[in-house]
Amino acid sequence: MKTAVFLLASLFPTLACAHDLWIEREGQLHTLTYGHERSSHEGAKKLEYKPDTVKQAACFNAAGQRVNAESGKAYPATLTGDCAASWFLTSSGYWSKTPYGTRNLPKDEAGAVIDSWLSVESIKRIDHWNTGLSQPLTRELELVPLDNPLQLKPGGKLHLRAWFQGKPAAGVTVAYFGKPRGVTDADGKVNIRLQNPGFQLIQASFELPLSDGKADKTIHASTLQFDLP
Amino acid sequence: MSKTLRALLWSGPLALGIQASTVLAHDLQYTTSSGQAVVIKLFYVDNKPFSFEGYEITREGDKLPYQVGRTDGQGHIAFLPDRAGKWHVKAISEDGHGLDFTITTNAAAGIEGSDKPAYERYGRIVVGIAVILGVFGLMSLYLRRKKT
């Protein structure tokens, strides 16, 4: 059966690459990393980001309480502390799609604009679990496991709830390594089957209309990261 | 006729001639034709086209790209290979989305292989395996129930 699963998997090579955020940890040092194809056999391809795109960083204990940690604001952004969960919030600003490509500009400065958005993205890494982490830690878009995700095995089902502004978020698209796997229900819940061992990356995103004159919408994206034993 | 006048009379046409040839060298012409091209469509998983984004196509072994440009409003690239070979296609948007794959063509712009058609080529086999496994599972279930 394992051979059959491998055969099926190998027939669908991953070609697409989208930008990913993830947090690398060495002891108490948590480093925000950005790049491509984190899950492929080629390994991580790290890309440099502007340090001013990192808006917030926070460290939480397993009870879900924020604890003191030292933030490094130069590239790469870091957080040093005893974190059961580490979290970074980033925003690359306004983007406008034009016939001349996608520009990192608000729509009122980009000329002929087809679509425009403000990008807000967060990443949460869980290293230790307690029930305190089954609640949202922030008011941003956040994927929250309902049970301990660190005890799951490949093939296991992860039960999640998406939160935004302190409420369960319905209609949020949830992806596993960039491949959409479901949409949250009215209660913000969705289940994702974990296919790979080790490093896990579950991503969520949704759009809200924006009326600041600089973009048509805000795209909120959030990533949940943890490792399976 | 004085020498000066004669020189002036000759210099006019000569100057015009030089100017005309310069203009002709920069006068862009065009032809139109219908022919076979390799057409690539790039799109996101929600079927939104990867429109107006930059791409480059480089023949295997070459340093310079064979073609660069932007996808059209529907996310298409039309590409006319001048020879058979493997072509590396790379497309990326400024906000970090992109694709990177290889296609193999003959000289007549016929596709002989690509990274992506693995899905299409083996799609039927996958369905076949799934059907066989499904039938096998149902048979096992039926036999188990019959035994009990």
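How about B:Lys86: which aspartates and glutamates have a C-alpha closer than 14 Å to its C-alpha, ignoring those fewer than 8 places off in the same chain?
Here the aspartates and glutamates satisfying the reach criterion relative to B:Lys86 are B:Glu56, B:Glu60, B:Asp62, B:Asp100, B:Glu112, B:Asp115.
Taking a ≥ b ≥ c as the square roots of the eigenvalues of the Cα gyration tensor of region A:127-190, is the shape rounded (a/c under 1.5), prolate (a/b larger than b/c) or oblate?
Cα axes put region A:127-190 in the oblate bin.
Pull out the extension gain between B:Lys86 and B:Ser33, defined as 0.36 nm times the separation in residues minus the alpha carbon to alpha carbon distance; nm, one decimal. If you can, show how the numbers build up before the last one.
Values: separation 53, 0.36 × 53 = 19.08 nm, distance 2.52 nm.
16.6 nm is the gain from fully extending B:Lys86 to B:Ser33.
Of the options A:Thr80, A:Ser222, A:Thr173, report the single residue whose Cα projects farthest towards the positive end of the charge dipole of region A:2-227 (beta-carbon charges: Lys, Arg +1; Asp, Glu -1).
Of A:Thr80, A:Ser222, A:Thr173, it is A:Thr173.
Pairs A:Lys157/A:Lys189; A:Lys107/A:Lys217; A:Lys73/A:Lys214; A:Lys157/A:Lys179: which are spaced more than 19 Å apart, C-alpha to C-alpha?
Correct reply: A:Lys73/A:Lys214.
In debye, nearest 20: dipole of chain A around its Cα centre with unit charges on the Cβ of K, R (+) and D, E (-)?
Result for chain A is approximately 420 debye, rounded to the nearest 20.
Give the shape of region A:2-227 as rounded, prolate or oblate, defined through the alpha-carbon gyration tensor: a ≥ b ≥ c are the square roots of its eigenvalues, a/c under 1.5 means rounded, and otherwise the shape is prolate if a/b is larger than b/c and oblate if not.
Rounded, because the longest to shortest axis ratio a/c is under 1.5.
Rounded to the nearest 0.05, what FRET efficiency do B:Ala107 and B:Asp72 have when you use their Cβ-Cβ distance and R0 = 25 Å? Kindly include the intermediate steps, with their values, before the conclusion.
Numbers: r = 25 Å, r/R0 = 0.98.
Working from the Cβ atoms, E equals 0.55.
For every other residue with a beta carbon closer than 12 angstrom to the beta carbon of A:Lys124, add +1 if it is Lys or Arg and -1 if Asp or Glu, then tell me the sum.
Neighbour charge sum, excluding A:Lys124 itself: -3.
What percent do you get for the relative contact order of region A:102-194 when only Cα pairs under 8 Å and 6+ apart count?
Details: 145 pairs, mean separation 18.6, N = 93.
So the answer I get is 20 percent.
If you average the sequence gap of Cα pairs under 8 Å that are 6 or more apart and divide by the length of region A:2-227, what percent do you get for the contact order?
It comes to 16 percent, rounded to a whole number.
May I ask for the net charge around A:Leu32, where only other residues with Cβ less than 10 Å from the Cβ of A:Leu32 are counted and Lys, Arg are +1 while Asp, Glu are -1?
Result for the neighbourhood of A:Leu32: 0.
Using the Cα gyration tensor of region A:68-157, with a ≥ b ≥ c the square roots of its eigenvalues, what is the shape: rounded (a/c below 1.5), prolate (a/b larger than b/c) or oblate (neither)?
Verdict is prolate for region A:68-157.
If Lys and Arg each add +1 and Asp and Glu each add -1, what is the summed charge of the other residues whose beta carbon sits under 15 Å from the beta carbon of B:Pro81?
Local net charge: -2.
A short reminder: the numbers here are calculations on the coordinates, not readings from a lab. Please read all numbers here as calculations on a predicted model, not as lab measurements. Glycine gets a Cβ as well: all are built from the backbone with ideal geometry, and neighbour counts include every protein chain shown.
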